[in-house]
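Notes follow once the structure below has been shown.
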Amino acid sequence: MGCNSLCQLLLAFELFNFYCIEVSAALRYRRPGLTSKEYKAVITPSETVQQQKAGSPETVSAQCTEWNVIVTINPDLLGIQHPVQASDLTIGGCGVTSQTPTAFVIEAPLQGCGSNVTMVADEIVYYFTLDYNPSPIPGLPIVRTNPAVVQIECHYPRNHNVSSNSLNPTWVPYTSTISAQDVLGFSLVIMNSDWSGPSSSSIFYLGDLLNLQASVDNTNHVPLRIFVDNCVASSTSNGSAPTYTFIGNSGCFTDSKVTGSNSQFITPRTTPSTLQFELDAFRFYGVAASSVFITCRLKVTLASQAIDSLNKACTYITGLSQWTSVDGSDPVCSCCDTNCATGLHKRRLDKARPRPRRSAQSMPVEWEKTLVVGPLFFEGKPQPAVSEHLTATEVKPSGASVLVLGTVLVVLALACSAFLPFLLYRKPQISN
């Protein structure tokens, strides 16, 4: 029998036990001097016109006692001078227990013969149904009467501690404890740049580090430690291709080694029930959409449980060329380059064997839950805008350049004007 079935069975037993205490108290702890005559009986006649006398004081009466109800029925139940047969009268399947020439009697126990019970503010009410189903006249396929139904109620006072001043248990029911322990509040949140709260934007740029925080609510539990077993990114919400597993192998941040990225688990943890990690933003090659959905499987163990190859958080440090554990147990990360599930076969065999019943103080070794975040949008970083005015001034000479150029031109002009007359008036030499 599984835990859920066992818990439901125990809860039903507790409710039944409380109900029996309530009913017993209602019947046993009554006011001094209260007799069975003071238990109120209410009879509701049949609603049909043809049987309007069925259930009237002349045809049906009831007496409610501490243990049963005694119903007396007049043979002329319908008041039409056609006596009914004793075999045609039942209360919840219970037939006539005794009869006289002038009456039929049915004695029905309070918790039998199809009775229903309701607890109201100051009373416990039992409901019974008297059925009359006429059988055919012997030897003939006819009847002279129609069926009739009479409702009978027994009202009992609730003047005792259980009802007037409800008692609250001073212990925590076993089933309540187990139910609370089996409900864990997992969360996976995109955080802002300083980890102070959730990110207000879903748009990130290539080259940025995406901050993610996995956590579990420790309320009503002994201390727990959370792990990210694996994380898969996909371009669609249904996980269809392409996909990229950046955390796998039971907690190995493979993206940090495969791509040499800055992705990592944040060390140290803020609390055992929280695990923070950074993912280097990326896009899927050949996919026009920039949207990314991230699906992570989270799991928890007892904080007192030792870190092992199936419950770990490991990052590859490129500068050291080695895997390191967030929790300081680096040897458990040695399997990240091979297969960390080598001991999983034995674990599954152990799960297949019947487990001993848990005590009220024990709790499951681990729980798992898969969560999805997204869509996230990873865009290329925008280039800084260059204005037309800035472009024009870059090719336009400055004032200082114009001044220097003008000075050079003036000097050249003066030099030319001084040297030109010398060239014009110089006489040619005559050779001998």
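Annotations for the structure displayed:
- When you count the other C-beta atoms within 10 angstrom of each residue and take the mean per peptide, 270-276, 134-140 line up highest first as 270-276, 134-140.
- Shape category assigned to the range 191-249 from the gyration tensor of Cα positions, a/c cut at 1.5: oblate
- Positive minus negative residues near CYS94 (Lys, Arg vs Asp, Glu; Cβ under 11 Å): -2
- FRET efficiency, VAL258 to GLU58 (Cβ-Cβ, R0 56 Å, nearest 0.05): 0.05
No lab work stands behind these numbers, since they all come straight from the coordinates. None of these values were measured; they are calculated from a predicted model. All Cβ positions, even for glycine, are placed from backbone atoms using ideal geometry, and neighbour counts span all protein chains on display.
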